[in-house]
Amino acid sequence: MPEKKEFKRLPTDVKPENYTLRLQPDLDKFTFKGQETIDVKVLSSTTSITLNSEEIEIQSACYKAADAGDQNLKAEVKFEPENASVVLSFPSALQPGSGQLCIDFTGELNDKMKGFYRSKYSSPSGEEKYGAVTQFEATDARRAFPCWDEPAVKATFDVTLVVPKNRVALSNMPVKSENDLPEDSTWKVVTYERTPIMSTYLLAFVVGEYDYVEDKDSDGVLVRVYTPVGKKEQGQFALEVAVKTLPFYNKYFQIAYPLPKIDLIAIADFAAGAMENWGLVTYRETALLIDPKNSSSKSKQWVALVVGHELAHQWFGNLVTMEWWTHLWLNEGFASWIEYLCVDYCFPEFDIWTQFVNSDLGRALEMDALHNSHAIEIPVGHPDEVDEIFDAISYSKGASVIRMLHDYVGDESFKKGMNQYLTKFKYKNAVTEDLWESLGKASGKPVLDVMTTWTKQMGYPVVKVSEKQEGSNRVLTLTQEKFCADGVQEKEGSFSWMVPVSISTASDPKKAAVVTLLDKTSMDVTVPNVSPDQWVKVNCESVGVYRVQYSSETLDRFIPAIKNKTLPPRDRLGLQNDLFALARAGMISTVDVLKVVGAFVNEDDYTVWSDLTGNLGQISILLQNTDGFEDFKTFSKKLYKPVAQSLGWDAKESEGPLAAMLRELALTRLGKYGDEETVTEARKRFENHVSGKVPLPADLKGPVYLTVMVNGDETTFNQMMKLYDEADMQEEKVRISRCIGSIKSDELKKKVLDFAMSDKVRSQDTVFVIGGVTGTVQGRELCWQFVQDKWTELHERYKGGFLLSRLVEVSTDNFVTEARAKEVEKFFETHSAPAAERKIQQSVENIRLNAKWMERESTSVLKFLRSQ
């Protein structure tokens, strides 16, 4: 590991109060020129002012004290690139008091998707054009103008943009005035209202060509969704979600949305999913645009969640902001939790909380069982370290512990505490403990004590359950220890949690019969009125962030309840998820888990299937390295066939989105494992689609495309590439480009890898196209070799961003030998990747876990599959 760079925050002797900022981007030369006048307060006498500034040239800088008449002090400018800062030194000391700092500067509209950057799009006539957009979080406002680029240094902003007359120009606030540029009337000067006091990373500007749809919410806030020209109707769904969501949050927090307008805008080149800039939220096209005819149910749900997430930030993050990046999880974990609350309110038909258990809780538990995980809250210094924590721990584990806390304190206390917190800190900054204090006061529960055990240490417990019957009561002994993915025990007492535990029983499956706090290593809990043959489930509805390990006889009681579905979906899901994790850790046998999988034969819940499929997928990846993979395919086809047959290929009129998503999942699996009927039908429908005879409905495109690719040849490949070239919608391009890598032929896989790097694929999507070839043993070899060969180019493209971590993950995670683990380690010893260091360690750890599982379990698993 390279040593950590020493990192110092900016000096505090001068602070900004208002920035008057004027920017003029040149969309032909990809440069911009800017002027700013910053109203500052000098708090203690100093001869220099240090600000953040990166890849900006300063032409002049001077300071004028409020009481100095016309006297300007000219600054000597010295850049410190390693700290991304600039020091302005003055000939005499600046005395305490108010003053103005005036700076003229120029910069580049880069192509790195950060700072003030250029974004390429096509006009309706197919002409290639460029717009200018911003992405400032975490530390890239400094690439657009010299500033105090730290979340706690808040100020107000008066923004003016000088742009070509035929372009739309947006910023956080409504337009105050718009005039021709006196010296050239082909340009316009757009000035915006003053922003509230806010952090630099939430400022935003967008210049480009857009259409929009608009509406007002029930509180009178103007909401607009900006789409590419000619695609207005694709903004309608997000508009409906936003108009429902803003009043929902207003009511939940009991605080009105603080700005007069909110814009949601689809950006062609965008690294993240979306960014919550105050009043001007930017999105990837796939996270905002929904085509009424060509978007799948899954895409709709995704857009609803992302819109819910970003709008929650308008309060939680923007109105009250974390003091430093150490508390990033507070922003992201909270928004990742409440997006579900809001979607559940807007679209109950998605049964979204069950999906939370699969997507967020599941992801968090998987990553956090690794020895190379990290605590939710970790000290962050240098900006490179910030990118590293935009991960499943900050988002998914953060959201999961907040869901557990919400359940522990109850909705009323939670709302009351949230309101106190947001009211106390509005327009200011806060740390994690401030939130715990408000929620503790509102609920009267030891929130700080409980939550500190979840945020300050990494990992989570496995609660082991043993039970005995005493008359009509069941007595459970609960013991907690840290759960590790490799099953290796930590020293006793080195980790312990305060675990809110809820327990349900067969007589009332959806309601907790007992709620308690497991605040020591072991305790006994009595569950009243349970007959000897009834099941008792620890972690009712899978709300707690822990795994549960039962004895085999306890487990046997659940089997009939899984089969007849009297055990609720979240509990069926949590149960099998824990079993797979315990098997991977070597704490129970995988064969025993596969026997339980047989009980899911009547399963009809999309989310339970989705989670089960992910877990079986892990085993399938490992068994691909053996001669028994065909036996696994046979086992899987038997499992998925009944559910696929009950749903059929075509949507029924009355069915909801989850039926469509389950059909997609079951057909995709059958197609992937070569079920003959499925492959024949998919080919037929694909031909009809390509010839234009019968276009495929959006929800069938995924399974049909994947099935024909996995079982396809060069002709299929060429047909699919043609569909890609003709696709007008980003969602369709993404759908195709992520599945073309599953073609069998190695030669064609190599073509896909080259295609991923070509200018036909947007930089933001390249990593996922590369990952598309890793479905087979051969594909993984090719991908890893390719990433090594192209490392310099890929690193240059993604350094200092989270896409680099994603690249490391897709190209290394699924190997199964110690030799591979060493090879990956060795490669990264000589190829640095500061933003992905932790991900590299996690990947290597995962490879070793796979190798151990193969050694321990593969023989007995294959024997079991052959006996089926």
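The values are calculated or read from the model by the stated rules, or taken from the named source; none is laboratory data. Worth saying up front: this structure is predicted, and the values here are computed from it rather than measured. Note that each Cβ is placed from the backbone with ideal geometry, even for glycine, and that neighbours are counted across all protein chains shown.
Where strands (runs of 3 or more DSSP E) fall entirely within segment 240-339, those with at least 3 residues that are farther than 19 Å from Ala138 by Cβ are at 261-267.
The residues in segment 411-439 that are surrounded by fewer than 18 Cβ atoms within 10 Å (Cβ to Cβ) and outside any helix (DSSP H, G or I) can be counted, and the count is 4.
Taking the criterion of being surrounded by 24 or more Cβ atoms within 10 Å (Cβ to Cβ) and assigned to a loop (DSSP other than H, G, I, E, B), the only residue of segment 726-749 that qualifies is Ile743. Taken together, the residues in segment 442-468 that are more than 17 Å from Ser400 (Cα to Cα) and out of contact with any strand residue (DSSP E or B) (no Cβ under 7 Å at 6 or more places or on another chain) amount to 6. With respect to Glu80, determine if the residue is within 19 Å of Trp148 (Cβ to Cβ), touching a helix residue (DSSP H, G or I) at 6+ places or on another chain (Cβ under 8 Å) and surrounded by fewer than 19 Cβ atoms within 10 Å (Cβ to Cβ). No; evaluated as a whole, the condition is false for this residue.
Out of Val241, Val213, I need the residue that is closer than 25 Å to Gly126 by Cα and in contact (Cβ under 8 Å) with a residue 24 or more places away in the chain. Which one?
Val213
Residue count for segment 104-116 satisfying the condition of being assigned to a strand (DSSP E or B) and in contact with a helix residue (DSSP H, G or I) (Cβ under 8 Å, 6 or more places away or on another chain): 4. Pairs meeting the criteria (first residue in segment 63-78 and farther than 13 Å from Ile103 by Cβ and modelled with pLDDT of 85 or more, second residue outside any strand (DSSP E or B) and not hydrophobic (A, V, I, L, M, F, W, C), beta carbons under 6 Å, at least 6 apart or on different chains) are lacking. Consider segment 165-196 and keep the residues that are under 31 Å from the mean Cα position of the chain (by Cα) and part of a strand (DSSP E or B). The one that is surrounded by the fewest Cβ atoms within 10 Å (Cβ to Cβ) is Val168. Answer yes if at least one residue in segment 525-548 is part of a helix (DSSP H, G or I), in the same structural domain as Ser472 (by TED's automatic domain parsing) and on the phi > 0 side of the Ramachandran plot, and no otherwise. Within segment 525-548 (the criterion being part of a helix (DSSP H, G or I), in the same structural domain as Ser472 (by TED's automatic domain parsing) and on the phi > 0 side of the Ramachandran plot), the answer is yes, since at least one residue qualifies. Which pairs turn up if I take residues in segment 382-395 that are in the same structural domain as Ala138 (by TED's automatic domain parsing) and look for partners that are part of a loop (DSSP other than H, G, I, E, B) with beta carbon separation below 6 Å, at least 6 apart in sequence or on another chain? That search, which allows pairs on different chains as well, returns nothing. Identify the residue in segment 37-71 that is surrounded by fewer than 21 Cβ atoms within 10 Å (Cβ to Cβ) and of a type in the set (D, E, K, R) and, among all such residues, is farthest from the chain's Cα centre (by Cα). If we take residues in segment 37-71 being surrounded by fewer than 21 Cβ atoms within 10 Å (Cβ to Cβ) and of a type in the set (D, E, K, R), then Asp70 is farthest from the chain's Cα centre (by Cα). Note on segment 814-868: residues that are not in a helix (DSSP H, G or I) and not hydrophobic (A, V, I, L, M, F, W, C) total 5.
Does Ile770 satisfy the criteria of being within 30 Å of Glu829 (Cβ to Cβ), outside the structural domain of Ala268 (by TED's automatic domain parsing) and within 28 Å of the chain's Cα centre (by Cα)? It is true that Ile770 is within 30 Å of Glu829 (Cβ to Cβ), outside the structural domain of Ala268 (by TED's automatic domain parsing) and within 28 Å of the chain's Cα centre (by Cα). In summary, Asp449 fulfils each of the numbered conditions (1) at negative phi; (2) outside any helix (DSSP H, G or I) with the single exception of condition (2). Taken across segment 513-527, residues that are surrounded by fewer than 17 Cβ atoms within 10 Å (Cβ to Cβ) and either in contact with a Phe, Trp or Tyr (Cβ under 7 Å, 6 or more places away or on another chain) or over 24 Å from Met451 (Cβ atoms) (or both) do occur, with at least one present. Where helices (runs of 4 or more DSSP H) sit wholly within segment 572-683, those with at least 3 residues that are farther than 21 Å from Arg735 by Cβ and not basic (Lys, Arg) occupy 590-597, 606-623, 629-647. Scanning segment 122-157 for residues being of a type in the set (Gly, Ala, Ser), in a loop (DSSP other than H, G, I, E, B) and at pLDDT below 95 gives a total of 4. Against the definition (in contact with an Asp or Glu (Cβ under 9 Å, 6 or more places away or on another chain), at pLDDT 95 or above and not acidic (Asp, Glu)), how does Thr766 come out, yes or no? Considered against the rule, which asks whether it is in contact with an Asp or Glu (Cβ under 9 Å, 6 or more places away or on another chain), at pLDDT 95 or above and not acidic (Asp, Glu), Thr766 comes out as no.
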